């Protein structure tokens, strides 16, 4: 088999708001950290242990603008994408590497109005209202409509 696959699927909480970078020609890039947790019980001490892994998420163009508008620090989100490692040099000239998730698809999982945003409630509600119409969270409304069918 000659085909290869580079696919990542994550569900986690955002560690910060989306940081946007705009380029000539109208392109944009959004970056934010995503935390995923692994919880298990230590068999020798019988205590719960939680390990947090941080991922660097990169979103491009229109998707980045949508994420900037609706994602806030602490929100839960599903991210699908591919791994990409960048090589760069620090201020001492040493080679450094950063592994990023280049997002190809996402779904907001935090229900509207339940954002962990510490801003005023009015701002949070105003930014959340359009989310249900433009974000792919319409699954619940479809389910409610299907429940009304007589068969």
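Overview of results
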{"item": "In region 33-58, the residues that are within 22 Å of residue 114 (Cβ to Cβ) and under 11 Å from the mean Cα position of the chain (by Cα)", "result": "33, 34, 35, 36, 57"}
{"item": "Complete set of residues in region 20-50 that are surrounded by 11 or more Cβ atoms within 10 Å (Cβ to Cβ) and not in a strand (DSSP E or B)", "result": "27"}
{"item": "Boolean, residue 11 is touching a residue at least 24 places away in the same chain (Cβ under 8 Å) and loosely packed, with under 15 Cβ neighbours inside 10 Å", "result": "yes"}
{"item": "Test: residue in region 57-76 that is farther than 18 Å from residue 108 by Cα and at pLDDT 95 or above", "result": "no"}
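The values are calculated or read from the model by the stated rules, or taken from the named source; none is laboratory data. Just so we're clear, the structure is a prediction, and the values are computed from it rather than from any experiment. Note that we place each Cβ from the backbone using ideal geometry, even for glycine, and neighbour counts take in every protein chain shown.
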